[in-house]
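Worksheet for the structure shown next.
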Amino acid sequence: MTHNHISVQDALPEQTDKKERKLIGDRGDYFLNRIVGETEENISACYQCERCTNACPVCHYMDIKPHQVIRYIQMGWREELMHSSTIWVCLSCEMCTTYCPNEVGVAETINHLRNMAVHSSITPKERHLAVFHQTFMEELMRYGRVNELWLMNAFNLKPKILKEKIQMGTLKEEILLGLTLLKKGRLNLLPRKSKAIKEIKKIYRMRRGDII
């Protein structure tokens, strides 16, 4: 009579998917210092009370919650933020900033990350929103203000946007909405250039970190 001896280790299934752990401080504080320097926000004052996330009306659509965004910056996790949906989903309504007990500009910081992502080589997770943001900034730099009709026209002329809207069936809805606004006098056919366009361009370049 033979006996088969099976060890406890042999009986357990082989674990092949080991989640990589992220170490606190493993990437230094370069990214934190950069964001603080460019936004002038006291990001280190955040103690993760989560009031910003609780106040956010679209946090359910975010893969990284507002309070986690600030924490990721503290940790130096730039790539994760650049690859996230959060920076594009954010409405910039500033509810998060309003409810922060330490007055950390959460919305302003997320908007800054969005601008960083536009000028990076990382493919945005929300392509339509990224293209729209880029188009918005282009129109703002051109006229100093945004004309909705010209903005949507410029957006639709971006590669693949118009074709995808036709496939999704959203173009007809946008046209009907535009006609309704036009009848009510809420759309201007021609854009008007702002008198402060030079100042607006200067502020934008400064926020990007360009040498003035």
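What is the order of Tyr47, Tyr143, fewest Cβ neighbours within 10 Å to most?
Numbers: Tyr47 11, Tyr143 17.
Least to most surrounded, the residues fall as Tyr47, Tyr143.
The relative contact order of the range 24-122 comes to 32 percent, based on Cα pairs under 8 Å that sit 6 or more residues apart.
A Förster radius of 45 Å, combined with the Cβ-Cβ distance separating Glu173 from Arg71, puts the computed FRET efficiency at roughly 0.70.
Among the listed pairs Lys125/Lys160; Lys172/Lys195; Lys125/Lys163, which have their C-alpha atoms separated by more than 27 angstrom in this model? Before the final figure, lay out the partial values.
Numbers: Lys125/Lys160 16 Å; Lys172/Lys195 35 Å; Lys125/Lys163 19 Å.
Listed pairs above 27 Å: Lys172/Lys195.
Sites listed here are GluC sites (Glu not before Pro) in the range 102-137 whose DSSP assignment is loop and whose Cβ has at most 14 other Cβ atoms within 10 Å: Glu103.
Give me Met168, Met152 ranked fewest to most by other Cβ atoms within 10 Å of their Cβ, as a rough exposure proxy. Please list the in-between numbers first.
Working: Met168 10, Met152 18.
Ranking Met168, Met152 by Cβ neighbours within 10 Å, fewest first, gives Met168, Met152.
When His128, His119, His133, His67 are sorted by how many other C-beta atoms sit within 10 angstrom of their C-beta, beginning with the fewest, the order is His119, His128, His133, His67.
Between Glu148 and Lys160, the contour length at 0.36 nm per residue exceeds the Cα-Cα span by 2.3 nm. Computed extension length for Ala196-Lys183: 1.7 nm, one decimal, from 0.36 nm per residue of separation with the Cα-Cα distance subtracted.
Since every read-out is calculated from the coordinates, none of them should be taken as a lab result. Quick caveat: nothing in here was measured; it's all calculated off a predicted structure. Using ideal geometry, Cβ is built from the backbone for each residue, glycine included, and neighbour counts are taken over all protein chains shown.
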